[in-house]
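**Q** Could you have a look at this structure, given as structure tokens, before my questions?
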Amino acid sequence: MTELVKYIVTALVDDKDGVKVTEDGDVITVSVAKDDIGKVIGKQGRIIKSLRAVVKAASVKQGRNCTVEIDE
């Protein structure tokens, strides 16, 4: 699941080396550079909501219930 999140977030940001994705149980934490936080969140949170929907759908297929959090 972390590979999927890392792939999507890396495509969104400018500083691709600053992307760190960790998984602790069912919580996936995304850490990006300060300048790129807005690009991951999007206007009114639309991008992060979409990312969470994709991860939830993929995790349900695997019989899990994963959530995505942003580390600031």
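Here is a yes/no grid of residues against (1) out of contact with any helix residue (DSSP H, G or I) (no Cβ under 6 Å at 6 or more places or on another chain); (2) of a type outside the set (D, E, K, R); (3) assigned to a loop (DSSP other than H, G, I, E, B):
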position	(1), (2), (3)
3	yes, no, no
7	yes, yes, no
23	no, no, no
29	yes, yes, no
35	yes, no, no
39	no, no, no
44	yes, yes, no
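**Q** Of all residues being on the phi < 0 side of the Ramachandran plot and small (Gly, Ala, Ser) in the range 1-36, which is nearest to the chain's Cα centre (by Cα)? Just the residue, please.
**A** Step by step, filter the range 1-36, then rank; the result is 31.
**Q** Out of the residues in the range 5-38 that are of a type in the set (Asp, Glu) and closer than 18 Å to residue 60 by Cα, state the one that is most open to solvent (accessible area, probe 1.4 Å).
**A** Taking the range 5-38 first, the residues of a type in the set (Asp, Glu) are 14-15, 17, 23-24, 26, 35-36.
From what's left, closer than 18 Å to residue 60 by Cα: 23-24, 26.
Details: 23: 75, 24: 124, 26: 72 Å².
Among those that are of a type in the set (Asp, Glu) and closer than 18 Å to residue 60 by Cα, it is 24.
The values are calculated or read from the model by the stated rules, or taken from the named source; none is laboratory data. From a predicted model like this one, the values you see are computed outputs, not experimental measurements. FYI the Cβ positions are ideal-geometry reconstructions off the backbone, even for glycines, and counts take in every protein chain you see. Calculation scope for accessible area: heavy atoms of the full protein, side chains included, ligands and nucleic acids excluded. Shrake-Rupley method; radii C 1.70, N 1.55, O 1.52, S 1.80 Å.
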